[in-house]
Amino acid sequence: MMLMWGSMVSSSFYHTSVAPPQDLQITDPGLLGSLDIEWKPPPNVQTFNECTVKYKFEYRNTGDRDWKVIFTKKLKFRVGFDLSRTAEVKIQTLLEGQCTNDMEVRSDWIFATFQVPLQGKLESEVQNFHCIYHDWKYLKCTWKPGHLTPRGVHYGLYYWYEGLDRAAQCDDYIQDHGVNVGCMLQNMSQAEYKDLIICVNGSATATLLRPLYVTLRLHNLAKPSPPEQLMVSMSASEELHMAWSPPGSETPPQCLEYEVQLAEDQGETKAAWVSVSTQMETTLTISRANQSRISCVRVRGRTNIFCADQGFWSEWTQECFSVPRKEDKQLFILIPVILSLSSSLIIFTLIGQCKKRTLTAPAHQMTTVSLLTCKGRALTTLHASDGSLCRAVQKEGPSG
């Protein structure tokens, strides 16, 4: 009976509280903002052998509204911060299992902060920092010197992403009058879909300059080349058909969307561009009542929502096309006219380049046959030997 009573007492004792972690520390391994966060378990963790011990870890930079949250069983984590602002960290113990009657028990929070001593005035920091990931192949970053930058300043760009053992420096700078104002970073595919941390700092004689820290995501900075092989055609049913190919670059074809624009001929007024579609396909067919007014078609591309949160549009394709007018496709028969001279000539001028062939018929029949071929349409002009009658017929289809 005593054993049974002792067992009942033991099984009815549950932990209703737990201590927070100990010795929370933040250290900088020199990775431009990727800091190491480390702590120790609560002092009585050995008594929780029937429970699972986890930690809720939250972090942010001063000024951020929301905390980023991580649940882990580890005692060390590496996360990225903007070193131009104070790093804030907090952590608590989570206990759950038989020792808590399967209820989650949480400890109090413990806090820590980290701040890199910022040198120089804010106005000495580089201005207008801007980066574009061209064709998912190379990253081009540019900047302008700070407002309080003295002569003889030297700027350096350093970068790091997960997978590099240490921060690396740019080895291909863009210069303006001997001052570094940009950097080209090649072979950056290993940094895609990771935090790319960049620091641009400067040095000048007897002047301290404020460094700039930036965290980028390459896929959100991508700018592809324009689409290629744009082809435009008009069907017999007055449908305008467009087809193009993705740019021949490192940009994944499945990551592209396209915008198509048409320009309509407004006579003497400058043509106005109208967007007709934004899509992921590389073909588009449009049926309209007045296709004859379309004077140009162009297409551009950018990274779609399945591969990035945002991105830059490419440049537009440069090709323009003259869409045939409806009346150019009709059959014309000229009524008989009296020609005063046998050498009179009736000329039909077609849009495009035309080739002319002249055939000679027997003297008692038509004297001359002139055949003009213009982009798949044939125009035949017949000259009567007696100059009394002329009839011209425009036909569809290949010449001959």
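The values are calculated or read from the model by the stated rules, or taken from the named source; none is laboratory data. What you see is a predicted model, and the numbers here were worked out from it, not measured in a lab. For neighbour counting, all protein chains shown are included, and Cβ atoms are generated from backbone atoms with ideal geometry for every residue, glycine included.
So which strands (runs of 3 or more DSSP E) stay within the stretch 144-228 end to end and still have 2 or more residues that are in contact (Cβ under 8 Å) with a residue 40 or more places away in the chain?
Values: elements: 154-160, 173-176, 179-186, 196-204, 212-216.
Result: 154-160, 179-186, 196-204, 212-216.
Does residue 213 satisfy the criteria of being crowded, with 18+ Cβ neighbours inside 10 Å and over 19 Å from residue 309 (Cβ atoms)?
Details: crowded, with 18+ Cβ neighbours inside 10 Å: yes; over 19 Å from residue 309 (Cβ atoms): yes.
In short, yes.
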**Request:** Might you check whether a residue that is buried (at least 18 other Cβ atoms within 10 Å of the Cβ), under 20 Å from residue 312 (Cβ atoms) and basic (Lys, Arg) occurs anywhere in the stretch 137-155?
**Result:** no
**Item:** Of all residues making up the stretch 117-154, the number that are at pLDDT 95 or above, aromatic (Phe, Trp, Tyr) and out of contact with any helix residue (DSSP H, G or I) (no Cβ under 6 Å at 6 or more places or on another chain)
**Value:** 3
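Go through the stretch 124-134 and report how many residues are over 19 Å from residue 180 (Cβ atoms) and surrounded by fewer than 16 Cβ atoms within 10 Å (Cβ to Cβ). Quick ask: steps written out before the conclusion?
We begin by selecting, within the stretch 124-134, every residue over 19 Å from residue 180 (Cβ atoms); these are 133-134.
Still in the list and also surrounded by fewer than 16 Cβ atoms within 10 Å (Cβ to Cβ): none.
So the answer is 0.
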**Prompt:** Hey, residue 60 hits all of (1) part of a strand (DSSP E or B); (2) charged (D, E, K, R); (3) modelled with pLDDT under 95; (4) closer than 28 Å to residue 213 by Cα but one; which does it fall short on?
**Reply:** (3)
**Prompt:** Pairs under 9 Å by beta carbon, first residue in the same structural domain as residue 74 (by TED's automatic domain parsing) in the stretch 93-121, partner among the basic types (Lys, Arg) and surrounded by fewer than 16 Cβ atoms within 10 Å (Cβ to Cβ), six or more apart or different chains?
**Reply:** 93/106; 94/106; 95/106
